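Presented below is the structure to which this report refers.
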Amino acid sequence: MTPDVHGVPGAEFPFRLVLLVGFMASGKTSVGRRLAARLGWEFVDADAEVEARSGLSVEAIFRERGEEGFREIEGRVTADLLEGRRRVVASGGGWPAADPDRLYALPDEILSVWLRVPASVAVDRARREGRVRPLLDVEDPEESARELLGHRRSSYARARLHLDASKPSPDALASAIVEYLAAARRTRG
Ligand code: S3P
């Protein structure tokens, strides 16, 4: 059963922030929203924040400034988001690999979680979601996804918690993270 994490007297999580990482369409936003609601924390999606702060869509940034320009904005915005507390952050899919030491360099009070999906699942979900992802907007998206995932896997694997996100629902994944947090509080809190 999922532990109730609300209103436990005197107990604070040893984490001030949860960072969700994983490939495009791995479910970071849907899991992040549910997790934040369960914890009573704020949810921030890094892509949405990039768009809000730059006044441009991710697609337009890629078009006008290239991937390099996007990574630069994404890096600044995400670093800023990671300063917060009682916050769940969904990173952009490429953020952990743009600088491979990023996840190692996180402070201990940030719990990083990798939502792991195979390329075929990601492409299928991305197609159904309908949001344009410039790196998958190519002739053979599955081939590109496989290649990208091959480059990125070892960066994602630096996250502290790994969850197979190919089958479980966003609610079930949020529950698994809540359980991990509750156990961490019992051990360390
Ligand atoms: C990207 C993932 C996207 C977005 C951009 C680049 C990537 O975010 O940041 O299109 O390089 O994997 P999602 O992971 O939310 O799709």
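In this calculation the C-beta distance from residue 53 to residue 186 is compared with R0 = 45 Å, giving a FRET efficiency of 0.75. Could you tell me what % of all Cα pairs in segment 134-189 have separations over 13 Å? Within segment 134-189, distances greater than 13 Å cover 72 percent of Cα pairs.
The residues neighbouring residue 81, those whose beta-carbon lies less than 9 Å from its own, together hold a net charge of -2 under the Lys/Arg +1, Asp/Glu -1 convention. Relative to the Cα centre, the charge distribution of the chain, modelled as +1 at Lys and Arg Cβ and -1 at Asp and Glu Cβ, gives a dipole magnitude of about 740 debye.
Since only 61, 91, 18 are under comparison, the one whose Cα sits farthest along the positive direction of the charge dipole of the chain, derived from C-beta charges on Lys, Arg, Asp and Glu, is 18. Proximity of backbone amide H atoms, modeled 1.01 Å from N, is registered between residue 90 and 20, 44, 45, 46 at under 5 Å, excluding neighbours fewer than 5 places apart on the same chain.
For segment 144-179, the residues whose amide N sits under 16 Å from a probe point set 7 Å from the Cα of residue 105 along the beta carbon direction are 155-156, 158-159. Pairwise Cα separations in the chain fall into 5 Å bins from 0 onward with the following percentages, short to long: 1, 8, 17, 21, 21, 16, 9, 4, 2, 1, 0. Under 8 Å for C-alpha pairs, at least 6 residues apart: give me the relative contact order for segment 98-189, rounded to a whole percent. Result for segment 98-189 is 42 percent. Scalar couplings 3J(HN,Hα) for segment 90-99, obtained by applying the Karplus form with A = 6.51, B = -1.76, C = 1.60 to θ = phi - 60°, are 9, 7, x, x, x, 4, x, 9, 5, 9 Hz; x denotes Gly and Pro.
Between amide H atoms placed 1.01 Å from N, distances below 5 Å from residue 112 occur with 19, 160, 161, all of them 5 or more places distant or on a separate chain. Ellipticity at 222 nm from helices only: DSSP H runs of n ≥ 4 in the chain, each -39500 (n - 2.57), divided by the residue count, give -16000 deg cm²/dmol. Rolling a 1.4 angstrom probe over the protein heavy atoms with all chains in place gives the chain an accessible area of 50 Å² per residue. Couplings 3J(HN,Hα) for segment 21-28, derived from phi with the Karplus relation 6.51 cos²θ - 1.76 cosθ + 1.60 (θ = phi - 60°), are 10, x, 5, 3, 6, 7, x, 4 Hz, where x marks Gly and Pro. Summary of the geometry: segment 120-158 and segment 69-109, compared by the centres of their Cα atoms, lie 19 Å apart.
Quick check: at a probe of 1.4 Å, how many percent of the accessible area of the chain sits on carbon and sulfur atoms? Roughly 47 percent of what the probe reaches on the chain is carbon or sulfur. Estimated at 0.36 nm per residue, the fully extended path between residue 42 and residue 162 surpasses their Cα-Cα distance by 41.0 nm.
The values are calculated or read from the model by the stated rules, or taken from the named source; none is laboratory data. Everything numeric here is computed off the predicted structure, so don't read it as measured data. Cβ atoms come from the backbone with ideal geometry, glycine included; neighbour counts cover every protein chain shown. Ligands, DNA and RNA are stripped out before the accessible areas are found, and what is left, the full protein with its side chains, is counted by its heavy atoms. Shrake-Rupley method; radii C 1.70, N 1.55, O 1.52, S 1.80 Å.
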